[in-house]
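Structure record follows, encoded as structure tokens.
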Amino acid sequence: MEVRVRFYATFRELMGTKEVEVHSVKTVGELIEYLSKHYNPEIKKELLETERVNEQKPVDGMILVNGHNVLHLKGLETELKDDDVVHIFPPAGGG
């Protein structure tokens, strides 16, 4: 199984690349763990461990699987399949 993961804005800088291919992850939560372990632990902190994360908003930023926001799917339990494309965006700035 292969999933393509694309990073945007500050996450692209954090990861040092705009895209990676990941094998053997079954959910979005597992994907974040994998990226944290194999690339940069800061991505997990930025996505899952900020003060804006809560039960209604399990991710700080936006994660799309094949164009669908995981918040409208199963959140971190959203299942990944072969050839899925995941887009990871940091939270929007501004005021």
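Readers should treat all values here as calculations from the given coordinates under stated rules, not as data from a laboratory. Remember, predicted model here, so these are calculated numbers, not experimental data. FYI the Cβ positions are ideal-geometry reconstructions off the backbone, even for glycines, and counts take in every protein chain you see.
Out of (1) assigned to a loop (DSSP other than H, G, I, E, B); (2) touching a residue at least 40 places away in the same chain (Cβ under 8 Å); (3) not small (G, A, S), the odd one out for V5 is which?
With respect to (1) assigned to a loop (DSSP other than H, G, I, E, B); (2) touching a residue at least 40 places away in the same chain (Cβ under 8 Å); (3) not small (G, A, S), V5 is out only on (1).
Could you please tell me which pairs satisfy a Cβ distance under 6 Å, a separation of 6+ or placement on different chains, a first residue in the stretch 68-87 that is under 16 Å from L48 (Cα atoms), and a second residue that is of a type in the set (A, V, I, L, M)?
These pairs meet every condition: V70/V28; V70/I63; L76/V28; T78/V28; T78/V65; T78/V70; H87/L64.
Condition first: surrounded by fewer than 17 Cβ atoms within 10 Å (Cβ to Cβ) and in a helix (DSSP H, G or I). Now tell me which residues in the stretch 45-74 satisfy that.
K45, L71, H72
Is one or more of the residues making up the stretch 32-39 assigned to a helix (DSSP H, G or I) and of a type in the set (F, W, Y)?
Taking every residue of the stretch 32-39 in turn, at least one turns out to be assigned to a helix (DSSP H, G or I) and of a type in the set (F, W, Y).
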